[in-house]
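Chemist: Take this structure, written in structure tokens, and hold onto it; I'll ask about it next.
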Amino acid sequence: MAVLLLTACGAAGIGGGGNPTPTPSSGPRFDVTATEADHTITMRVGQSLEVVLHKSNNLNNWSHPSSSDETLLASIVDPAAIAARGVTLAAFVARMPGTVDVTATASPVCPSGAMCPMYVALYSLKVTITQS
């Protein structure tokens, strides 16, 4: 689920979020691909996950997505990954059954010398890993 965090005003949600069925990546390297439109997925032990986040208007690029539990969903290096400008890529492999969150943040674009809003956009993907 994507969430907008406001410094003094609490939190507000951004966008919807369903439970899409994981679809094969366009490339042969990944079993599942998730984008900023995905908020929950299910995958099996041994499968690989590609996270592809696109820059939004008035926000900087997303930070590198990270797993909340590397023992369940471990980051892997994808030497073939070349992100287009404004796209953030990350790759993971499912190691053990369980539930883990993949998160990334993006801050607002602020012109030099101008007042800057104090919020951070949060991308959150809940990954359920089942036995293969």
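Chemist: Filter the range 21-55 down to residues that are touching a Lys or Arg at 6+ places or on another chain (Cβ under 9 Å) and open to solvent by 60 Å² or more (accessible area, probe 1.4 Å) and give me whichever is modelled with the lowest pLDDT.
Modeler: Result: 55.
Chemist: Now a separate question. Consider residue 94 carefully, then state whether it is farther than 19 Å from residue 53 by Cβ and surrounded by 16 or more Cβ atoms within 10 Å (Cβ to Cβ). Lay out the reasoning, then the answer.
Modeler: Values: farther than 19 Å from residue 53 by Cβ: yes; surrounded by 16 or more Cβ atoms within 10 Å (Cβ to Cβ): yes.
Criteria met by residue 94.
Chemist: Report, by residue number, each residue of the range 56-74 that is open to solvent by less than 60 Å² (accessible area, probe 1.4 Å) and within 19 Å of residue 30 (Cβ to Cβ). First the steps, then the outcome.
Modeler: Of the range 56-74, the ones open to solvent by less than 60 Å² (accessible area, probe 1.4 Å) are 56, 59, 62-63, 65-67, 69, 72-74.
If the condition is that a residue be open to solvent by less than 60 Å² (accessible area, probe 1.4 Å) and within 19 Å of residue 30 (Cβ to Cβ), then 62, 65, 66, 67, 72, 73, 74 are the ones that fit.
Chemist: With farther than 18 Å from residue 30 by Cα and either assigned to a strand (DSSP E or B) or touching a strand residue (DSSP E or B) at 6+ places or on another chain (Cβ under 9 Å) (or both) as the only criterion, which of 42, 99, 88, 128 stands out?
Modeler: Result of the check over 42, 99, 88, 128: 99.
The values are calculated or read from the model by the stated rules, or taken from the named source; none is laboratory data. In this text the structure is predicted, and so the values were computed from the model without any measurement. FYI the Cβ positions are ideal-geometry reconstructions off the backbone, even for glycines, and counts take in every protein chain you see. Please note that ligands, DNA and RNA were not included when accessible areas were found on the heavy atoms of the full protein model with its side chains. Shrake-Rupley method; radii C 1.70, N 1.55, O 1.52, S 1.80 Å.
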